[in-house]
Every structure is written in C-alpha cells, then in structure tokens.
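Remarks on the structure that follows.
Readers should treat all values here as calculations from the given coordinates under stated rules, not as data from a laboratory. Predicted model only: the values in this text are computed from it and were never measured. Note that we place each Cβ from the backbone using ideal geometry, even for glycine, and neighbour counts take in every protein chain shown.
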Amino acid sequence: MDISIIVPYHGEDIYVRDCLDSLCEQTYDKFEVIFVASEVDIPNEIIESYKDKLDIKAYHTDASHVSAVRNEGLTYATGEYVVFLDCDDYLDESYISRLHSLCVSEDLDFAFGYIEHTWYKRSIFMDKTAETVSDEEESDEEESEETDENFQFDFEINDSDSDEVIRQKKLAGAGKVLIYNRKSIQRITALGVMFNKSFIEKNDITFPENLKYYSDWAFICKAVDVAEKCDGDKQAKYIKRIHNNPIHFPSLVQEIGKDDFELRDKAYAEVKSVVRDNTCDARVKFDVKLINYLVSEAAPAVRKNEDKTWRKKRLPVMSNMCKEFSGKTLREIKFYKRRVIKAIAAGDIKKICKLTGRKNLINWGVRILLGPDRLKIMKEFNYKHRYLKQPMLDNVVLLESFFGKSYSDSPKYIFEKLNELYPGKYEYVWILDKKTKLPYPAKQIKRFSFAYYKYLARAKYIVFNSRQPKFFVKRKGNIFLETWHGTPLKKLVFDMEEVVSASPMYKKTFYIQSRSWDYLVAANGFSEEVFKRAFVYDKPMLKFGYPRNDILHADDREIIAMDIKKRVGIPKDKKVILYAPTWRDDEYYEQGKYKFDLKLDLRQMQERLSDEYVVILRTHYFIADNLDVTGLEGFVYNLSKYDDIAELYLISDILITDYSSVFFDYANLKRPMLFFTYDLDKYRDVLRGFYIDMEKELPGPLVFTTDEIIETIENIDSVSAKYAAVYDEFYERFCGWEDGHASENCIKTVFK
Ligand code: C2G
C-alpha cells in the first residue's frame, strides 16, 4: 500500500461525510483509510456506504485523546507514507497525488501542503462563492507579529547552490512554514503533511499520549528537527474547517478556550523533552512562537489579573520558561519582547505591568492616530477606558429599535408605558439616526456617536429590539431587556446549519451577546421554545405577548386608525392593502444594504382594484432600494420610511406579505392575509429553512402572481371563510398571550 490516511473519529457525524467524500474524489487512489473511532461505536452505516469507493478499515479504541488515537492508527497503517486527516476537515482532490509524487520523486522524509481555513461545508467551499476566513474575522487568536499565515516556502536557489545547500534551505523553509509562520502557536499541527512512515518509526516520532491538547507540537517539532529531506507544495490543500457552532460542536481548539496556560506548559514540556537542544532550528522557531504568546497574552494577563492564578502560580512557571530560552532565540526577537521576557524571567510584576501597560496604550494610540477608522477606535477607547469606569447612571433608560433606524417596535411601547406609569422617574435616551418628534421628553443620540458609547457604558437600563454591538461589556448592575423583533418563521442562530449570509462568527457572536441579556420577550409559547433552543437561552423570558402589539388590542384602535389614515393622507373611503415583504439574504449591495426587486404589478392592481382600494408599500428596514411609484400617486403610498409598522397594520384591511414575521403580529387583528411567495422554494430550501410549514399552517393562501392576488382580493370574503378555522388555530398558537397589556407587564417585571 502506498499511503495510509489516519482519520480519528469521535462521533462527528455532521462532518464526516464531507471528509470521506473528499477522499473518494482524490486523483490518486492507492491509499487506505484507517478510520479509528474513539470512545464511540464505529459508525457502521457510514463506513458501509463508503466500502465500494474506498479501501476503508474501521477500528474502535477506548483511547480518548486524539494523540493516542493517531498513534494507534499508525500501528494499523500499512502504507509507505502516512497522512493525518481530522474527520471534520477535508482535502482538495489533488492533495494526496501532489504530496505523494513529491515524496517519491525526491525520497523525502515528509512533504507538506497548504492549510486553508474555512467555515463552510465542502459543497459551499467548492462553490467558491463563500469567502474564506480572513485573519481579522477569527479574532480569538493571540496577537502575533507573524499575522499572515503565509506559505513562505519561497527561497532563492542560486545557480551556484549545491544539492546540499538546497536541501538545507528546504529544511529551514519547512521549519518556517510548519512552525514559525503559523498564525499562532495553537495552529502548529501535524495536519497537512505526508510523512514517510519509516522516517517516523526510525526516529520514534509519536504524539505524547498524556496530552489531550497540543500533542501536535512535540510531533511536528521533532519531525522538523530530525528530518533530512523535505519539500512543500502550496497547491496541495488541506481544508481545515472552523466550527461555526463552537457552543454545541467545538473543535479541540475551541474546546480549550482562552485560559489554557497550564495546557500549553504541559505541551511545551513535551516539546523540550523531544527537542532538547534549545539552539537547534526547530526549537528556536518554536520558542519564538512561545515568546509571542508570553509577551502578547500571558504578560498582559499578569498585568490585568491581580489574582493568585497569574501572579503567584503562573508567573514562576513563565519565569522558568524564559530562563531557558537560548541566546540564539533571544536574538531572533525584537527589543520590546526581549525586555518583557527579561522582566518575566526576573518575576518582576511591576516591570511587566509597566511594559505591557505602555505597549497597550501605544497600540491604542497608533490605531487612533494611524488606523483607517480612527474615530471609531477613539470612541471604543473612551468606552473601555473612560465610560465603563464612570459610575452607572441609575435612572437612565437607553432604547433602540432596528439599529436606530426608527422610533418603533416594542421599545417604543415600553417607553410610552413607562412614562405613563412612572412620570418623571427615569431619564430616557433614544438611539435614533434621524431626529424624531417623541411624545415624551428624551435625549436623542445617533448610533455610534460619542454619546452612544457613553450611554451604552453607563445606562442602567437598556431596552433594545436587536443585538447590541460586539464590543458591549456587561456591567454589574446593568439590566438589559431584549425585546427581539418578531416571532420566528425563518430559522435562527443555532437552528441554522450553515451561516452563509451573515458572518461565519455569527453563532459564536450571538451566543456571547445574548449572555448579556437579563430578560427576553417571547410573544408566544412557540417563540419561547425556539428562543430557548436557537439562542441557547435559559434566563427569564417575559411571556406576556409583544409590547409592540398592545396598540392592536387598544380599545380606541378605530379612532387611532382614523387619525393615522388622515395623517398619511389616505382617503377615508378607501380600503387599504398593506404589502410588507421581508428581505432576501442573497440580494444585497453591501452588508446591511439589501436590494428589493418588486414583483408585484402595481399598475395591473391599479386597473382592477383602485375603485375600492389603495396600496401601502412597506419594505423591510434592511432594504436600500427606494421603490419608484411615479404615476401611481393616489393609489400607491410608499410608507417604507414610516416609523412604526404597527400603525400601518391598524389602518389596513388586508395584508400581503411573504416570509416576514409581520404576519404573526397582523393576525392579532384577525384580518385577511395573503402570502406572495413567488420564490418560496429558494427562500425555504436554499436561503433559510422555516419553522412552520407555510403550505399548511398559514391563515391565508399562498399566491404566486399579481393575477392571483387580484382574484383573491376580489373574492376576499369567501377566501377568508375558507381559512377561518386555520386562522383560529393560528391565532390561538401565536397571539394567545396578547391582551394589550404586554408593555405594562414587562415593565412590572423588569423595572420592579
Ligand atoms: N418589518 C417592517 N416592514 C417590513 C418587514 C418587516 O417594518 N416590510 C418589521 C416588522 O416589525 C417585523 C420585523 O421588521 O416583525 C422583522 O422583520 P422580518 O421580515 O421578520 O425579518 P428579520 O428582520 O429578518 O427578522 O424572529 C424574527 C426574525 O429574526 C426575523
């Protein structure tokens, strides 16, 4: 057998088929797959389904650490060469062929390829429309000077270079690619390399089995240290999948978390025991990576944490590490790092604090003075270092709807009810992009203004209907009421498999952000259940209906409606059709700015319905397109910029929508609804996935053309009668908690 591919498996069912499929499609097929299931049963069904296509041998082991599992895999391997492949990753189709031909033609100890990181499953990755991860996006990594994980294997070969010189250059290059240029020490790995098995055996290179994490460090450092011949090929791509759901399915690195000093220390001990000479190339390169970690993460942690762990327990260990670095290693690093290492070696806490504190300030200063978003960074600096340190404003309520785009939704109703119930008790700050006339006194500030950062840091109460920004720090005493903005139809966060439209960090970011919420509004039992699961939310939920729907149950809603109709200039004698579609994940100009292609033929509607009806057009707040309604004046009213859609519900007689949560709210009025779902298959199956079966559970017909819409409206009474029973059921399920007092009830719980 030419090659053995060792695939450890630990129950990663959602990934493993991508991995094995990528093996089936290799352009070189003289390999066996050693599939080692650790602590879980061999997934026989999966293995069987690949038996025709792959020479796959499955083993079970009780070993739990991947180090021991890989070692065991090595004992089963019959190939001349071996490759490690994690079963949540996959390979480019030419990976095996490229590395193998390199190994054979040059009789190498090992050949290495390029590791490309992705958030996506194979089909999306191969589609190439999905972006791969940029360094900025994966912001969890330690700061490192060598931020670019380049495949810097380019070295000059001069005509005069002897074979020996070239060999030496390649060896040094391997150390650079496999150790030095990794973005962080965490990324040093045995993946992406094809090893000559006899080279491994002869040199007794193994994964230290006492380690659960970072066992690759010792393996790869020793391999680089003892190798005599190696080479690399950038086109041989190993695709490393970053898990987009680190909460439920963390990768090993994600499992570790950030506070892993002891794990690193233990793994470093193994490196030292297999590469003893601290002046050899592999060790120097590794030690430089370790220094990056010590200087950019561990030393600042000593400054920031005055507790025993960092200062009493870890600092002496760090000090010992620093005392052992060779002069050669220290000459590789810059002056500042050398000073910090010296301070750590001396256990000098004062010096460590001074050096890292100053560096921190310089970093901020450089970013503020020279960075592309200077002003933003300055504001964030103020947020972190000034406002968060100032006292909390105990009577301030900060409110925001739809990212400051409007005075609307549940925060509006909470605000008005608070003023009614407790006049003068609180001071209000509204985040609003455009100045708006408010019924009660409130300060209006723009999103991302200096004041915004100030109140975000200092307001005791926060009432938002969407997520807060990522930099938000939850302060002791802060009370965060998240109202959310709709009963979910489209799948949310952890119920989504792939996140293509939002940042791949979405799930993790959402998880972190939602930890700051103290209360979450669930308008019905259905939302409660979905939020619990999809947001992984186990804090109190407010189960009184939606504050934003109180107006729909108001006793004087007819009077309010007449007033609104007059205000927007709609004739009293005309019935109103409200068209309120949602946005499409795949139709956008840039982030947050979406296109909308109007499929409704308004002229046709005008011809046939204008005697009785007018139409209100209302696009979603993400839509940047301003729909042109010239020539349709008096029939079409474009109220896309109107603040509060609940007021538009009140004045309309029929709703046309699609996949928007507006229909859950509109149902409170028990008025007819039509669902203009011309792109149902794509929206449901490709873009999002739904929680309910639109074809069966909706309280109105699905329509696909303007003709159908007109006909339905012309026969609206009989259509409504047909849907009466489904409507009642729908109402019970989604509007059953609403009684017009949600705002008051939420306030009584939150503001006590
Ligand atoms: N909305 C609006 N006008 C529209 C569409 C929506 O004013 N044409 C408002 C409604 O209040 C609606 C809310 O924006 O309830 C959310 O809009 P959706 O279309 O449901 O879409 P999305 O913003 O993706 O939120 O759990 C809810 C989901 O997160 C959906």
May I ask for the Kirkwood hydrodynamic radius of region 199-353, worked out over all distinct Cα pairs and given in angstroms to one decimal? 17.2 Å
I need the per residue convex hull volume for region 508-598, using only the alpha carbons, in cubic angstrom as a whole number. 187 Å³
Using only C-alpha atoms and all pairs of different ones, pull out the Kirkwood radius for region 394-526 in Å with one decimal. 15.7 Å
Starting from the Cα gyration tensor of the chain, multiply each eigenvalue by 5, take the square root, and state the resulting semi-axes largest first in whole Å. 57, 33, 22
So how compact is region 637-712: Cα radius of gyration and Dmax in angstrom? 13.0, 35
When the gyration tensor of region 484-535 is built from Cα positions, what are the square roots of 5 times its three eigenvalues, in whole Å, from largest to smallest? 19, 14, 8
Structure-based [θ]222 nm, the chain - -39500 (n - 2.57) summed over DSSP H runs of at least 4, per residue, nearest 500: -11500 deg cm²/dmol
Region 624-664: Kirkwood hydrodynamic radius (Cα pairs, Å) comes out at 12.1 Å
Counted charge near Thr706, where neighbours are those whose Cβ lies closer than 13 Å (Asp, Glu -1; Lys, Arg +1): -3
What translational D, rounded to a whole number of µm²/s, comes out for region 247-298 from Stokes-Einstein when the hydrodynamic radius is the Kirkwood one over Cα pairs, at 37 °C and 0.692 mPa s? 264 µm²/s
Cα convex hull of region 302-450, projected area averaged across orientations, nm²: 13.3 nm²
Report relative contact order for the chain in percent, whole number only (criteria: Cα-Cα under 8 Å, sequence separation at least 6). 9 percent
Below 10 angstrom from the Cβ of Lys474, what's the summed charge of the other residues (Lys, Arg +1; Asp, Glu -1)? +2
Give me the distance in nm between label points sitting 7 Å out from Cα along the Cα-to-Cβ direction at Lys350 and Asn210, one decimal. 3.8 nm
Give me the log10 of I(q) over I(0) for region 460-612 at q = 0.15 Å⁻¹, as the Debye formula computes it from C-alpha points; what are the numbers? -1.03
Rough spin-label spacing in nm, given labels placed 7 Å along Cα→Cβ, for Glu306 and Ala554: 5.3 nm
So what's the gap between the Cα centers of region 166-185 and region 668-733, to the nearest angstrom? 61 Å
25 °C / 0.890 mPa s Stokes-Einstein diffusion coefficient of region 210-250, Kirkwood radius on C-alpha pairs, µm²/s: 181 µm²/s
Computed over region 203-326: relative contact order in percent, which uses C-alpha pairs under 8 Å that are six or more apart: 29 percent
Under the √(5λ) rule applied to the eigenvalues of the Cα gyration tensor, what semi-axes describe the equivalent ellipsoid of region 171-269? Give them in Å, descending. 24, 17, 12
Roughly what percent of Cα-Cα pairs across region 327-399 reach past 22 Å? 49 percent
Mind jotting down the three principal axis lengths of region 177-225 based on Cα atoms? Whole angstrom, largest first. 30, 25, 17
Give, as a single signed number, the net charge of other residues whose beta carbon lies under 14 Å from the beta carbon of Cys103, with Lys and Arg counted +1 and Asp and Glu -1. -3
Going toward the positive end of the dipole of the chain, with +1 on Lys and Arg Cβ and -1 on Asp and Glu Cβ, which of His60, Leu23, Ile651 do you reach last? Ile651
Determine, for His243, His741, His65, the number of other Cβ atoms within 10 Å of each Cβ, and report the residues in order from fewest to most. His741, His65, His243
Work out how far the C-alpha atoms of region 618-752 reach from end to end along every principal axis, then list the three figures in whole Å, largest first. 52, 35, 34
